[in-house]
1. If I filter segment A:94-110 down to residues being out of contact with any helix residue (DSSP H, G or I) (no Cβ under 8 Å at 6 or more places or on another chain) and assigned to a loop (DSSP other than H, G, I, E, B), which single residue comes out as nearest to the other protein chains (Cβ to nearest Cβ)?
2. So, in segment B:1-25, exactly how many residues are out of contact with any helix residue (DSSP H, G or I) (no Cβ under 8 Å at 6 or more places or on another chain) and crowded, with 21+ Cβ neighbours inside 10 Å?
3. Just the residues that are surrounded by fewer than 22 Cβ atoms within 10 Å (Cβ to Cβ) and under 17 Å from residue B:71 (Cα atoms), please, taken from segment B:216-244.
4. Can you say whether residue B:122 is assigned to a loop (DSSP other than H, G, I, E, B), in the same structural domain as residue B:219 (by TED's automatic domain parsing) and in contact with a strand residue (DSSP E or B) (Cβ under 6 Å, 6 or more places away or on another chain), as far as the supplied structure shows?
5. May I ask you to list the residues in segment A:294-320 that are in contact with a strand residue (DSSP E or B) (Cβ under 9 Å, 6 or more places away or on another chain), buried (at least 16 other Cβ atoms within 10 Å of the Cβ) and either without any contact (Cβ under 8 Å) to a residue 12 or more places away in the chain or outside any loop (DSSP other than H, G, I, E, B) (or both)?
6. When the residues of segment A:111-128 are filtered to those that are without any contact (Cβ under 8 Å) to a residue 60 or more places away in the chain and within 7 Å of chain B (Cβ to nearest Cβ), which remaining residue is farthest from residue A:30 (Cα to Cα)?
7. Being on the phi > 0 side of the Ramachandran plot, assigned by TED's automatic domain parsing to the domain that holds residue B:164 and within 23 Å of the chain's Cα centre (by Cα) is true for just one of B:203, B:238, B:233. Which residue is that?
8. Taking the stated definitions as given, is residue A:38 surrounded by fewer than 21 Cβ atoms within 10 Å (Cβ to Cβ), touching a helix residue (DSSP H, G or I) at 6+ places or on another chain (Cβ under 8 Å), at pLDDT 95 or above and under 19 Å from residue A:154 (Cβ atoms)?
């Protein structure tokens, strides 16, 4: 019944394939692919005496640091509005549990939202994204879907937005975010704004739903993407100020206390340091942001050259190409679904991606999600060189990978076959 | 709707009370109270390069170490049967989600089982424990309760046992475990055996349900109690060999992938070391076991002296006294429930405990759960001295605390008042 998270499953499949001797180009997994920022290893080592459980929501130091972090980003926040967790994934789950109601999602959206809703026995109301950017539903279809949901017996309670977005790598424009928030407000929905990529906007700041629906928007984030600490499992949430927010903070703390107790204390120490914005951490994130932008843009160009449609990347390290323009050419090769396409790339070219169906799209869509961040290198040394290189795309372990990707895409999409069955 | 885990709530309440200037004797929280074992801080520090997510179930090293750990304890185990998590609490939650069905619990039992069942929308079938030891339901009432549950429309799917037990600090005898497993088998129940205190049996080995119902028993455990690493959040499960076990491992991995992704990689490195049973870790656990036994036994004597009934402690650092013999004396002071009793101890004597109602008992029971492990000291140095002392109960920060506890209990229970309302 339960499915293994598609993103984690492809990562494990790639490792198995590599152990079997394949040279796999891994574009399937959103691991940020840069080294640990300066200073944080020392904090982890120094925290070894912290073996007690500590408060569920986090230590006062960690919560104060997170509150300061939000406040310096234009969102005044008290430490009492913060809750830490072993990653933002358990936070999202606990928020769905604590808020209640059926779950409204943009389509496509990150693989785990719908799976978490299913674990809690909630229905999903899925609404297509606008043409320009993902992470939010298109406002007009959203209005219609909510009306229809009521008629169908669903009880939408919470809308999950991803700003910036995974899988599309885009940033929803301010006016669309505002329009979506207005619909949410009209329908009494709470908003969960998953902002784990907010530090990685290629061109600076990102418009958060919290600016439009402040008293009903919870922000979740963490250090897995901005600081590439996925393996250290550090997430945190900001509940709103005001009465509803205080109640939610209490409910959320209750759920957290019954599911995971607290974030590991040494990791809270790491968070307290990182979230105080020391210059070496800020510089590290800026370098990562440049690297992500550079490689995502480079791969975007190659996707367009191969005939795919694709929104230009605006944040993070994802691209979400649509191979609909090559549908006939692909059909002639037996490829009629996104899964077929991802399978062909893996089987024929040892290139790992995920089909759009993993993100809630019908499998007839010829969409893929590509993560470009594992191109940076296989070792901490290579990743460090990528981070500091003027021209990372020219590095000797990156350039051939890009060439290989282009060649595979062109081979799949080029209209050079005879099509006897057309 | 959601309640904050009672054990974590009392811990936070004690810290708040201390900040307000009170000298609180904290017997409310099951933190193991000993220092970090030698060698583990170095492993944590050395693991700072492990910032990638890694496999959901755990690294091959950590899983192999856990399999070896079980195998050396008489339970042959393959690495494929192991799954790590940020604590055993999320594992228990994920197991309830993955196994399905309503949840059968001994009464009293640990605070979070019932809360987790409620979060998943499952019913709880509560069955009293036998007179001699807790952690398992009394077999005969269990049989009756399961028959009745079916008639009431419940669908019992899983029985949770705690061997050794929290809150009673006892170890269910082998023949009772066997009898309970036979009932579980007859009713087609899966068994979750929470064995987080198994290394802390005061007199050696503990009988696990897995010895009686091997193909349907999942064992959960972790390093929070044996190695006092509650704040490092390291838990792991062993799913059974056989077809059902393989299916469960897959389902469990799926749920884990959607709720927490993986245990933090540096903590997996710690687990891999600790679970290889290096001599300095084994010696540390043995010293902790002696200390737990010494103090629990000491407090047990004092509870009996004050007129309470209490099962003799057999594992870990818990006692579960019943003040029923002093019911009339207590009533004369306005104390008629376990909550009244815990409140009186806290308000009048600054002694923190938890009432039996936190563990599922009716509040009319005059039961308390006492954790003796926070008596060991307030600093790593004090805790280290307690761990190595010949007579820890005589240490100058422990002896006065014991005297204070005795005095408070005697003051509450001694029949020296006039009882005008009798």
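The values are calculated or read from the model by the stated rules, or taken from the named source; none is laboratory data. Note that this is a predicted model, so its numbers are computed, not measured. With ideal geometry, Cβ positions are generated from the backbone for all residues, glycine too; neighbour counts draw on all protein chains shown.
1. Here is the first cut: in segment A:94-110, the residues out of contact with any helix residue (DSSP H, G or I) (no Cβ under 8 Å at 6 or more places or on another chain) are A:100-101, A:106.
From what's left, assigned to a loop (DSSP other than H, G, I, E, B): A:100-101.
Numbers: A:100: 8, A:101: 13 Å.
Looking at residues that are out of contact with any helix residue (DSSP H, G or I) (no Cβ under 8 Å at 6 or more places or on another chain) and assigned to a loop (DSSP other than H, G, I, E, B), I get A:100.
2. Number satisfying all stated conditions: 3.
3. Initially, segment B:216-244 is screened for residues surrounded by fewer than 22 Cβ atoms within 10 Å (Cβ to Cβ), giving B:241-244.
If the condition is that a residue be surrounded by fewer than 22 Cβ atoms within 10 Å (Cβ to Cβ) and under 17 Å from residue B:71 (Cα atoms), then B:241, B:242 are the ones that fit.
4. Working: assigned to a loop (DSSP other than H, G, I, E, B): yes; in the same structural domain as residue B:219 (by TED's automatic domain parsing): yes; in contact with a strand residue (DSSP E or B) (Cβ under 6 Å, 6 or more places away or on another chain): yes.
The answer is yes for residue B:122.
5. Of everything in segment A:294-320, those that are in contact with a strand residue (DSSP E or B) (Cβ under 9 Å, 6 or more places away or on another chain), buried (at least 16 other Cβ atoms within 10 Å of the Cβ) and either without any contact (Cβ under 8 Å) to a residue 12 or more places away in the chain or outside any loop (DSSP other than H, G, I, E, B) (or both) turn out to be A:296, A:299, A:300, A:303, A:315, A:318, A:319.
6. That would be A:121.
7. Details: B:203 fails: on the phi > 0 side of the Ramachandran plot; B:238 fails: on the phi > 0 side of the Ramachandran plot.
B:233 is the lone residue from the list that is on the phi > 0 side of the Ramachandran plot, assigned by TED's automatic domain parsing to the domain that holds residue B:164 and within 23 Å of the chain's Cα centre (by Cα).
8. On the way: surrounded by fewer than 21 Cβ atoms within 10 Å (Cβ to Cβ): yes; touching a helix residue (DSSP H, G or I) at 6+ places or on another chain (Cβ under 8 Å): yes; at pLDDT 95 or above: yes; under 19 Å from residue A:154 (Cβ atoms): no.
In short, no.
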